[in-house]
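Laboratory data are not the source of any read-out in this text; all were calculated from the coordinates shown. If you're wondering where the values come from, they're calculated on a predicted model, not measured in any experiment. Positions of Cβ are backbone-derived with ideal geometry, glycine not excepted, and every protein chain shown enters the neighbour counts.
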Amino acid sequence: MNSLEWLDWPAPASVKACYTTRTGGFSHAPFDSFNLARHVGDSEAAVTANRQRLLELTGVPVCWLNQVHGTGVVPASPENIGADADAAYVCMPEMAAGVMTADCLPVFLCHRNGNQAAVVHAGWRGLLAGVIESTVNKCGGAGSDWIAYLGPAIGPAAFEVGAEVRQAYISANTVHEKAFQPLPTPGKYLADIYQLARQNLQQLGIGLIYGGQSCTVTESERFFSYRRDHTTGRMASLIWIE
């Protein structure tokens, strides 16, 4: 299994995008083995070695963020490393924009002209709050100018939520009701975070949407999952311009 998986989408040749898997790194269980997060309890030496390996695989440094499940968007630059934000964008070949996930949804965005790209950390809170919309608005241009790719996240058969989450989404937009399926337990639903993201992207006028077939919870050999294991590592989703 590869440590990196490259996106299969019709992005311009100047745009490079990938996400990591859990394999091929230096961390020991339960962070085995390609954990890229420093905040989960893994050894500093292992994470440093894993980040160095990522640099060797991609050839580009990463603007790591302090993700807070909000709607903050920053340019990927050395001064924004560690910034409180949940999305980063690039418009020059300096650094990669990066987010870390282990069930939350990474959303890749690319302008058709190949001069702008972004990656978004979209958990259910950030998605509901409008982190995708904030990112597109920050970068500018019409929604029809953008294409999107939905990276690995918790799948629709594994994402159980309460009635309050469903109601919050429906209150924001009634179209979201289609993304929730009732479970036998009263007040419990299965949520399709991929469908919720597609709905938000389509509302912005983004019609070209790819990816969205993985499940971090069930694909245990391939991905970290916080919901499955609680104490675990994080994958990275990166996008940059060459």
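Using the Cα centre as the reference, give the magnitude of the dipole from point charges on the C-beta atoms of the chain (Lys, Arg: +1; Asp, Glu: -1; all else neutral), rounded to the nearest 20 debye.
Details: 16 positive and 21 negative charges, 52 e Å.
The dipole of the chain has a size of about 260 debye.
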Dividing the helical contributions, -39500 (n - 2.57) per DSSP H run of n ≥ 4, by the residues of the chain yields a 222 nm value, nearest 500 deg cm²/dmol, of -6500 deg cm²/dmol
Any residue on another chain or 5+ positions along whose placed amide H is under 5 Å from the amide H of ALA37 is listed here as ARG234
Taking placed amide H atoms and a strict 5 Å upper bound, the residues 5 or more places from GLY211 or on another chain that come that close are LEU150
A correct Karplus calculation of ³J(HN,Hα) over segment 149-163, with 6.51 cos²θ - 1.76 cosθ + 1.60, θ = phi - 60°, whole Hz and x for Gly and Pro, returns 9, 9, x, x, 8, 4, x, x, 8, 10, 8, 8, 9, x, 4
With a ≥ b ≥ c from the Cα gyration tensor eigenvalues, square-rooted, and the rule rounded for a/c under 1.5, otherwise prolate when a/b > b/c and oblate otherwise, the chain is oblate
Diffing segment 213-226: the Karplus 3J(HN,Hα) column from phi (6.51, -1.76, 1.60, θ = phi - 60°), in whole Hz with x for Gly and Pro, holds 10, 8, 9, 5, 6, 7, 8, 5, 6, 9, 10, 6, 9, 5
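Rounded, prolate or oblate for segment 95-144? Axes are the square roots of the Cα gyration tensor eigenvalues, ordered a ≥ b ≥ c, and the cut-off for rounded is a/c under 1.5.
Numbers: a/c = 2.57, a/b = 1.42, b/c = 1.81.
Judged from the Cα gyration tensor, segment 95-144 comes out oblate (a/c at least 1.5, b/c at or above a/b).
What is the dipole size for segment 110-242, taken about its Cα centre, with +1 at each Lys and Arg Cβ and -1 at each Asp and Glu Cβ, in debye to the nearest 20?
Numbers: 11 positive and 10 negative charges, 22 e Å.
So the dipole magnitude of segment 110-242 works out to roughly 100 debye.
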Residues whose modelled amide H sits under 5 Å from the amide H of PHE223, counting only those 5 or more places away in sequence or on another chain, are ARG22
For the chain, the charge dipole (Cβ of Lys, Arg +1; Cβ of Asp, Glu -1; about the Cα centre) points to a positive end, and the Cα of HIS28, TYR149, GLY41 closest to that extreme belongs to TYR149
For segment 98-105, Karplus-derived ³J(HN,Hα) couplings (6.51, -1.76, 1.60; θ = phi - 60°; whole Hz; x for glycine and proline) come out as x, 10, 10, 9, 7, 1, 4, 9
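So, with +1 on the Cβ of K and R and -1 on the Cβ of D and E, and no other charges, what is the size of the charge dipole of segment 37-148 about its Cα centre, to the nearest 20 debye? Walk me through the intermediate numbers first.
Values: 6 positive and 10 negative charges, 27 e Å.
The calculation lands at about 120 debye.
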